[in-house]
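Down below is the structure, laid out as structure tokens.
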Amino acid sequence: MLLAKIDELDKKIITMLQDDPSITHSQIAKELSRSQPAIGARIKKLTEHGILATQIGVDFKKLQELTLVKVELTAIQPKEILDMADYCPYVINALKISGETNICMFMACSSLKRLDQIIDKHFRSSHEITGVRMDIVTGFARQFILPIDFSIEHFDSADDPCTNCSHCAANTIKLKT
């Protein structure tokens, strides 16, 4: 994979956009003493290389109806867990990390019980996972914006929330239990 490089001007542009996503190219150009077309070209290049991206989501600092948890796992096959993040609507993101555990996931739902049941079903009961830790996120220093799939809150049975989830039904994780 070819990694793109950014220079000091790119860093300033990114910082300005992070601080104020509604700032115009003209405003950035004026602040950085550059032309508007030059700034537009830089932003286009950063976007095309995937360095500059926009994500719409929920600010967990302001929304209290959802429970956000951080789950740390020690998995024998971490790639399978990372693949699960692509189809499980409860997993907002999964990260491969170094240290005592090798996977860190963020999961969200309106029901802590439902999240705990999902973690029991997919992780605590698996012989492929040797350690599970779930922590409830209780506060934020800054905005914490993550995408949420609100369509997952429709279940017939609270006992097994994954049963009626089309993502899990079609893509059940292939871990030995």
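Checked across region 137-152, the condition of being over 30 Å from Gln18 (Cα atoms) and at pLDDT 85 or above holds for no residue.
In region 46-62, of all residues being hydrophobic (A, V, I, L, M, F, W, C) and over 19 Å from Ile14 (Cα atoms), the one that is modelled with the highest pLDDT corresponds to Phe60.
Could you tell me which residue of region 120-136 is farthest from Ile81 (Cα to Cα), considering only residues that are β-branched (Val, Ile, Thr) and surrounded by fewer than 14 Cβ atoms within 10 Å (Cβ to Cβ)? Looking at the filtered set, the residue picked out is Ile136.
What do you reckon, is Thr47 within 26 Å of Ile6 (Cβ to Cβ) and part of a loop (DSSP other than H, G, I, E, B)?
No: the conditions fail for Thr47.
Just the residues that are surrounded by 14 or more Cβ atoms within 10 Å (Cβ to Cβ) and touching a residue at least 24 places away in the same chain (Cβ under 8 Å), please, taken from region 10-44. Correct list: Asp10, Ile13, Ile14, Leu17, Arg34, Ile39, Arg42, Ile43. Count of region 62-79 residues, restricted to those that are surrounded by fewer than 15 Cβ atoms within 10 Å (Cβ to Cβ) and either of a type in the set (D, E, K, R) or within 16 Å of the chain's Cα centre (by Cα) (or both), is 4.
The values are calculated or read from the model by the stated rules, or taken from the named source; none is laboratory data. Please read these numbers as outputs of a predicted model, since none were measured by experiment. Heads up, the Cβs are rebuilt from the backbone with ideal geometry, glycines too, and the neighbour counts pull from every protein chain shown.
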